[in-house]
Structure formats: structure tokens, C-alpha cells
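Take a look at the structure set out below.
Quick note: the coordinates plus some simple rules give every number you see, no bench work behind them. No experiment lies behind these values; they were computed from the predicted model shown. Glycine gets a Cβ as well: all are built from the backbone with ideal geometry, and neighbour counts include every protein chain shown.
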Amino acid sequence: MNQPKTLIVTGGAGFIGGNFVYHLLNKNYKVINLDALTYAGHIETLAQIKDSKNHIFVEGRIGDRDLLASLFDEYQPTAIVNFAAESHVDRSIDGPTKFIETNVVETLSLLESARKNIQKYPINMQQNFRFLHVSTDEVYGSLSEAGLFTEETPYAPNSPYAASKASSDHLVRSYLHTYGLPVLITNCSNNYGPYQFPEKLIPLIILNALEGKPLPVYGNGLNVRDWLYVEDHCSAISTVLEKGKVGDKYNIGGNYEKTNIEIVKTICRLLDEVRPQASKEPYENLITYVDDRPGHDLRYAIDGTKIRNELGWVPNETFETGIRKTLQWYLDNLEWCNQVTNKNYKRNRLGTIS
């Protein structure tokens with residue numbers, strides 16, 4: 001029986017990274033899961049695989065080169081998939097320095113670790129190694145009411161978070177062209193699904209609604225995002241890792257554009273159906289419009305033609321099926337929500353300029 005391929009997944013106790021770890025284990029990979037367990041990384045997310053022989057959790061930062069060297073020496077991974085990042089726009093408005101430190105400086109350190117450590121590999125292993133960097137559509141800036149982001153869309157980041165991710169994308173690309181490191185980049189649209197930290201729109205609205213709290217909607221609620229179910233995103237990353245052309249980037253979208261107010265009202269209607277308030281009042285009565293986010297981009301939308309035509313990937317979930325699965329997961333896992341928020345996050349407003 002062949003030994004499973006061994007990958008280092010960074011940020012694998014976070015939202016997308018944690019889901020990706022589960023996805024890889026289901027595909028019989030061996031995963032070295034490196035996570036610093038900051039506010040958005042939670043060991044509770046990995047509870048179901050704590051005894052898996054193919055999952056090795058390592059607490060540490062991607063900027064720790066000695067730690068990375070020891071992981072390369074012990075496990076000889078065939079790839080790094082880099083999810084590790086500060087990822088919330090509102091937090092980047094409050095404190096941009098941390099985003100540069102993690103998303104730029106430490107990503108550079110991770111690239112250096114990969115470059116230097118694979119030099120110890122035989123030539124064929126060096127050639128087959130992959131460094132897959134997971135990024136965001138926010139690097140492209142804001143769209144008007146028409147058009148889609150393609151892989152050729154110029155970068156025009158409008159928040160400190162987006163600027164930090166754009167910078168890391170450029171660094172990753174440079175390591176191919178300067179050093180020959182075999183890299184891949186993916187840029188995804190808004191993810192939703194299990195294990196998402198409740199600072200993000202969908203889990204925040206679900207949890208506030210269940211507690212009868214106001215449901216905050218920025219501005220007029222008409223900002224548009226393309227929504228991607230997290231398991232679809234994981235399957236896309238896996239496809240790029242296995243089939244993608246070295247040096248290429250791939251946009252990953254869900255093909256479901258929704259305004260923020262549509263999202264909130266959809267959640268309210270579903271909750272009215274499956275968990276109505278004791279008062280029988282519709283959850284929509286809790287919607288509260290608040291001051292808009294500074295520099296809030298109007299619209300993001302992904303053109304997924306390249307990954308569909310070249311790699312054969314398309315999302316499995318519609319928004320309607322994905323949001324129902326997501327809502328049910330949160331209803332079934334309220335204890336997880338309490339565990340990950342009770343120490344350092346009270347679902348208060350972030351990202352205002354004082």
C-alpha cells in the first residue's frame with residue numbers, strides 16, 4: 001500500500017484551512033497542520049481528528065524558520081498550502097500593522113523556508129514540490145455593476161487587508177521567476193460554511209438572531225459579493241494542487257452574487273422556518289442599518305472560466321443548498337461558537353475610524 005502524500009497546511013485551525021485539512025484527510029493525505037492559534041485559529045475546530053494518525057498538529061508561526069526546517073527534515077512534505085493570514089477587513093482598519101507582519105513579512109519567511117529546505121530534496125522531488133498560496137478576490141479592488149474579475153484583472157486593493165494579500169501574491173510570484181520555486185496562487189470569493197469565526201457576516205447574523213440581538217447591516221446593504229461554499233473552495237484548491245500549471249493563478253468563485261441585505265434576509269427567512277422566535281416576530285424586524293465600513297468596496301464577482309475550462313472544476317453547491325447546510329451546522333454547533341468566542345470576541349463592531 002502506498003504511503004499517503006504529506007503536505008504542510010498553514011493556518012489549518014482556521015476557517016478555510018480547517019475545512020481543507022478535513023478535505024485532505026478524506027482524500028488520504030497526511031497533513032502537518034501548522035497554526036499559531038491566534039484569535040481565529042481554534043484547536044476545537046480539529047476535535048474530530050485529534051486521534052487521526054494522518055494529522056499532526058504543530059503550534060507555531062510560519063515565520064519560524066527553525067521550526068519549518070525541522071518539519072521539512074522530519075516529514076519531507078511534497079507541498080505547502082498556505083492559508084495562514086490575518087483575514088478580516090474590519091480588523092485591518094483597526095490595526096493594519098499586524099496584517100503586514102503576518103501576511104507579508106511572515107509569508108516571505110515561509111517562502112524562504114520552502115526554497116531553502118527543498119534544496120535538500122532529490123531533483124525530481126524538487127520539481128514535483130508545490131507551494132500553493134491561498135489569496136482573495138479583494139486584491140482586485142471594486143467592480144461596478146458590470147464585469148467580472150479575471151486572472152488578468154490589475155490589482156487595486158482598497159483596504160489594508162487587501163493590500164497585504166496583494167503584496168504576498170506578488171512575493172509568491174517573484175519566487176517562481178527569481179528562484180524557480182514551483183508556486184501556484186488561488187484567489188477566491190467570499191467563503192461561508194462550517195467553522196467560520198463569528199466576526200464574519202453569515203455566522204454573526206445567525207448568532208445575533210438566535211439571541212434576539214440587532215442584525216447590523218453596513219450602509220444601505222447593497223454591497224455585492226460572490227458567495228462560495230467552503231467545501232467547494234476546498235475541492236477547488238485540491239484540484240489546483242493536483243492539476244494546476246506551475247506559475248499560474250486561478251480565480252475560484254461560487255457563481256452566486258448576492259447583496260449583503262439579501263444574505264441577511266435569507267438567513268432571517270430560514271430561521272423563521274426552522275427556529276422561529278418565541279414571540280413569533282419575524283427575524284427581519286431585528287435588522288439594523290449601521291454606518292458603512294470605511295472604503296467599503298461596492299462589488300466583487302469572479303470569472304471562473306479558467307479553472308472550469310483548464311482543470312474541470314465547478315462548484316457543487318448552490319447558494320440555496322449551501323446556506324441551509326451552513327445554518328444547520330451553526331444550530332447544531334452552538335457550543336463550538338461559545339468556545340471560540342467566549343475569551344476574546346463579543347461580536348462587537350470592528351473597523352470604525354476614530
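Treat each spin label as a single point 7 Å out from the Cα along the C-beta direction, and report the LYS325 to GLN48 distance in nm.
Inter-label distance under the simple model: 1.1 nm.
With angles folded into 0 to 90 degrees, how steeply does helix 260-274 sit against the dominant principal axis of the chain? Use alpha carbons for both and round to 10.
70 degrees
Using a simple charge model, +1 on the beta-carbon of Lys and Arg, -1 on the beta-carbon of Asp and Glu, nothing else, what dipole does the chain show about its Cα centre, in debye to the nearest 20?
The calculation lands at about 560 debye.
Quick query: amide H of SER159 versus all other amide H atoms, modeled in the peptide plane; which residues come in under 5 Å with a sequence gap of 5 or more or a different chain?
none
Take every DSSP beta bridge whose two residues both sit in the chain, then give the antiparallel share in percent to the nearest 5.
Numbers: 3 of 40 bridges.
In the chain, DSSP labels about 10 percent of beta bridges as antiparallel.
Under 1.5 on a/c is rounded, so check that first for region 64-222, then, if it is not, pick prolate when a/b is larger than b/c and oblate when it is not; a ≥ b ≥ c are the square roots of the alpha carbon gyration tensor eigenvalues.
Verdict is prolate for region 64-222.
First measure r as the distance between the Cβ atoms of ASN124 and VAL274, then evaluate 1/(1 + (r/R0)^6) with R0 = 51 Å and state the FRET efficiency to the nearest 0.05.
It comes to 0.45.
For region 113-179, what does the alpha-carbon gyration tensor say about shape, rounded, prolate or oblate, given a ≥ b ≥ c as the root eigenvalues, a/c under 1.5 as rounded, and a/b over b/c as prolate?
Numbers: a/c = 3.71, a/b = 2.52, b/c = 1.47.
Prolate shape, in that a/c is at least 1.5 and a/b is the bigger ratio.
How large is the convex hull of the Cα atoms of region 142-263 per residue, expressed in Å³ as a whole number?
132 Å³
Once every DSSP H run of n ≥ 4 in the chain is given -39500 (n - 2.57) and the sum is divided by its residues, what mean residue ellipticity at 222 nm do you get, rounded to the nearest 500 deg cm²/dmol?
The helix-only estimate for the chain comes to -12000 deg cm²/dmol at 222 nm.
Measuring from centroid to centroid over Cα atoms, what is the spacing of region 22-83 and region 194-235 in Å?
Cα centroid to Cα centroid, the span is 27 Å.
For the chain, take the longest principal axis of its alpha carbons; what is the angle in degrees between that and the long axis of helix 65-75, to the nearest 10 within 0 to 90?
70 degrees
Above 31 Å lies some portion of the pair distances; for the chain, what is it as a whole percent of all C-alpha pairs?
When all Cα pairs of the chain are counted, 31 percent exceed 31 Å.
Among VAL240, VAL58, VAL21, which one moves the most in a GNM of the chain with springs linking Cα atoms closer than 10 Å?
VAL58
Hey, in the GNM for the chain with a 10 angstrom Cα cutoff, which one of SER113, SER164, SER189 fluctuates hardest?
SER113
Check ASN187: other-chain or 5+ apart residues with amide H under 5 Å from its amide H, H built from backbone geometry?
So ASN187 has HN proximity to SER135, TYR250, ASN251, ILE252.
Of the candidates HIS42, HIS170, HIS233, which one comes out as most mobile in a Gaussian network treatment of the chain with C-alpha springs shorter than 10 Å?
For the chain, modelled as a Gaussian network with Cα springs under 10 Å, the answer is HIS170.
Using a Förster radius of 35 Å, what is the FRET efficiency between LYS213 and VAL246 based on their Cβ-Cβ separation? Nearest 0.05, please. It would help to have the intermediate numbers written out before the result.
Details: r = 48 Å, r/R0 = 1.37.
With R0 = 35 Å, the Cβ-Cβ based efficiency is 0.15.
Under the rule that an exposed site lies in a DSSP loop and has at most 16 other Cβ atoms within 10 Å, name the longest stretch of the chain with no GluC sites (Glu not before Pro) of that kind, not counting the sites themselves.
Between the exposed loop sites, the longest stretch runs 1-144.
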